[in-house]
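Working notes, beginning with the structure itself.
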Amino acid sequence: MAAQAESGGATTDTYKEARTWLLMPAWLVLLVLSLAPVSMILIYSFLTKEFRGGVIWEFSLASYDQFFFDRGLFGDEAPQIEWTYITIFWRSIWQAGAATILSLIIGFPTAYFIATRSEKVRPIWVFLVTIPYWVNLLIRTVSMKFLLRDQGPLNDFLLSIGLIDSPIHIVNTNFAVQLGLFYSYLPFMVLPIYASVERYNFALSEAAADLYATKWVTLRRILLPAVKPGVIAGCILVFVPSLGSFLAPDLLGGAKNFMIGSLIEEQFKGNAGNWPFGAAASMILLTMVLIILIVFARRQAKAEKREG
């Protein structure tokens, strides 16, 4: 029988001897599906591109140099900053950031609404939020393009009610990409916030109202701090996949609205691609994502330390 601490919690580990073996499948999956592919991409990023496609096993920093510097057509000119790829990277950041903000603006009230319904109705609302995402992302993105095109249902409806005189050109714009990202990852914002709000003690809001706090003050000083972990989780779950997305930029944005995910995908297409350069761009993207996650984790740890 497990010994009990003064607080009533168990102090012995029943599965201590078998812990290593029990964790072995998880470590194996992590190694095969995560660490091994990332290690391969890291190695490929330092290799040399073969003229007809593929790689030559000669290690160099040429791919990283190509991302940041332009040395002319033959590589013998003085290095200049390569703004093309940096611009694509910056466009990816602000598109992902805008998608995250928009998802938060729409997702927070949606999650709060669902969490404040009766227990019998909540599963139905969660089902309605998630059911469109049972369909493949490619199909949903193509459907979005069909909806937004010049002769699509959206423009036809606006023309029929006389709100516009000519079709609005939406496809192949940054706005279309933004809508695609928002539509693709909105549930990733709604569900974590919903889980946090569902655990929120609404007696705190009632106590604030009894003390003559306005609804805005209650939201800002009581509700938001209480559900902050869900908000942070939702922001990360939307921002990270939006940053590396390539379906929405390809299908809704066109060549003029490339994002870093599209750039990476192009480098691994066919024999004409540049695998080392695509791997280098992938590692730069991965590094940036890790930095963002570390910053979030440190801020969260500092906040918890101040509260404790």
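Annotations
- Cα-based Lys pair tally, the chain, threshold under 21 Å, eight or more apart or on separate chains: 6
- Residues 83, 134, 125, arranged from fewest to most other Cβ atoms within 10 angstrom of their Cβ, appear as 134, 83, 125.
- Taking other C-beta atoms within 10 angstrom as a stand-in for reagent exposure, 175, 69 fall in the order 69, 175, fewest first.
- Choice from 96, 111, 18 showing the highest fluctuation, given a GNM over the chain with Cα pairs closer than 10 Å: 18
- Cα centroid separation - region 19-95 against region 135-165, whole Å: 37 Å
- When the chain is treated as a GNM with alpha-carbon contacts under 10 Å, the residue of 285, 243, 163 showing the greatest mean-square fluctuation is 163.
- Kyte-Doolittle at least -1.0, axis length at least 24 Å by Cα - qualifying DSSP helices, the chain: 83-115, 174-198, 275-307
- Sites count as exposed loop sites when they are trypsin sites (Lys or Arg not before Pro), lie in a DSSP loop, and have at most 14 other Cβ atoms within 10 angstrom; the longest stretch of the chain without one is 121-198.
- A run of the chain free of exposed loop cleavage sites, with GluC sites (Glu not before Pro) counted only in DSSP states other than H, G, I, E and B and at most 12 other beta carbons within 10 Å, reaches its longest extent at 120-308.
- FRET efficiency estimate (nearest 0.05) - Cβ-Cβ, residue 36 to residue 82, R0 51 angstrom: 0.95
- Segment residue 224..residue 212, full-extension length gain: 2.5 nm, with 0.36 nm per residue of separation and the alpha-carbon distance subtracted.
- Remark: spin-label model distance residue 71-residue 268 equals 2.6 nm, labels positioned 7 Å along the Cα→Cβ axis.
- GNM top mover of 208, 115, 99 - the chain, alpha-carbon springs below 10 Å: 208
- The residues 38, 197, 295, when put in order of fewest to most other Cβ atoms within 10 Å, stand as 295, 38, 197.
- Contour minus Cα-Cα distance for residue 158 and residue 118 (0.36 nm per residue): 10.7 nm
Values quoted throughout were computed directly from the atomic coordinates according to the rules given, and no laboratory measurement underlies them. As the structure is a computational prediction, the values presented were derived from the model and not from experiment. All Cβ positions, even for glycine, are placed from backbone atoms using ideal geometry, and neighbour counts span all protein chains on display.
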